[in-house]
1. Report for region 107-237 the percent antiparallel among DSSP-assigned beta bridges with both residues inside it, nearest 5.
2. As I understand it, the dipole of region 58-187 uses +1 on the Cβ of Lys and Arg and -1 on the Cβ of Asp and Glu, about the Cα centre. Which of LEU122, ALA181, GLY143 lies farthest toward its positive end?
3. Taking the Cα centre of each part, how many Å lie between region 110-175 and region 50-78?
4. Counting only DSSP beta bridges with both residues in region 26-96, tell me the antiparallel percent, nearest 5.
5. Give the cross-link partners of LYS82 among the lysines, using a straight C-alpha distance below 25 Å as the criterion and excluding same-chain residues fewer than 8 apart.
6. Tell me the label-point distance for the pair ARG35, SER156, using the 7 Å Cα-to-Cβ offset, in nm and rounded to one decimal.
7. Based on the mean of other Cβ atoms within 10 Å per residue, sort peptides 82-93, 65-76 so the most packed one is first.
8. Pull out a ≥ b ≥ c, the square roots of the eigenvalues of the alpha-carbon gyration tensor of region 70-222, then state rounded if a/c is under 1.5, prolate if not and a/b is larger than b/c, and oblate in the remaining case.
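Values quoted throughout were computed directly from the atomic coordinates according to the rules given, and no laboratory measurement underlies them. Since the model is a prediction, treat every value here as computed from it, not as a measurement. Don't worry about glycine lacking a Cβ; one is built from the backbone with ideal geometry, like all the others, and counts go over all protein chains shown.
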Amino acid sequence: MRNPRNELLTRPSAGQGSPAGNREAEPVRSCILTRERASQAALVRLALAPDGQVLPDVRAKAPGRGAWIGVTRAELEIAIAKGRLHGALSRAFKTGAITIPANLPDLIASALERAALDRLGLEARAGNLLTGSERIDTAARSGQLHALFHAADAASDGARRLAQAWRVGSDREGSDVRGLALPVERTILALALGRENVVHIGLTDRAAAKRVSDALGRWLHFIGPDQNAQPCETASRGSSAPGVSGPQPIPTEPAVDVHEDTE
């Protein structure tokens, strides 16, 4: 299981990569389908409703016992069709009286998208997020940019200019540092941020970039490569081959405090 946070395009900051004891340990959970372990921020929690329905709890706030998954949508659909998810959930919830909604993958995808967009909105209201090419360009060239994202319908030339400004400001000219095009268009981003015509997004706070990376990473990992975000530059323009690539990810330290579930 890959950690989706390690696939987003964020800029590392000085002091990262320090020993695990210097950073707060993140809870680790086990995927009930693969038994592989990952940080809680990288997985999706499923909760059992009073009527026996299994529903996504992406914010991990629902009471009672939870079960965690770290698979893609395609893998989940196969597990549902083969009955593997029902068996795993029965063991996790210690009951066979469960109902898996036919549209569970849709519910999870929608919940993850909402959580990611809500996180962007929160960072915007906190003043950690910039929109507008000129403002992002200025922050990038002054070394203040920690993450760069674009609407799915952003023009490639504008995305390339901001990527170049980021490379210049971070002393990485000639590298493949660039922003990430999200699988939503500018109208959706504008609604989420409460601003007009949001085409480009820049994060100027390292902690905020990590929070956004966590939220976006889970969503992009789940929906899979067919609907996933893509780099704004293509191989034909001299960048790397298609796929999520770019600057070094926010490093993660080995976590302790391993649990199957918190409840």
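1. That works out to approximately 80 percent antiparallel.
2. LEU122
3. After rounding, the separation between the Cα centres reads 31 Å.
4. 90 percent
5. Hits, sequence-local ones excluded: LYS94.
6. Rounded to a tenth, the inter-label distance reads 4.6 nm.
7. So the peptides 82-93, 65-76, ranked by packing, come out 65-76, 82-93.
8. It is prolate, given that a/c is not under 1.5 and a/b is the larger ratio.
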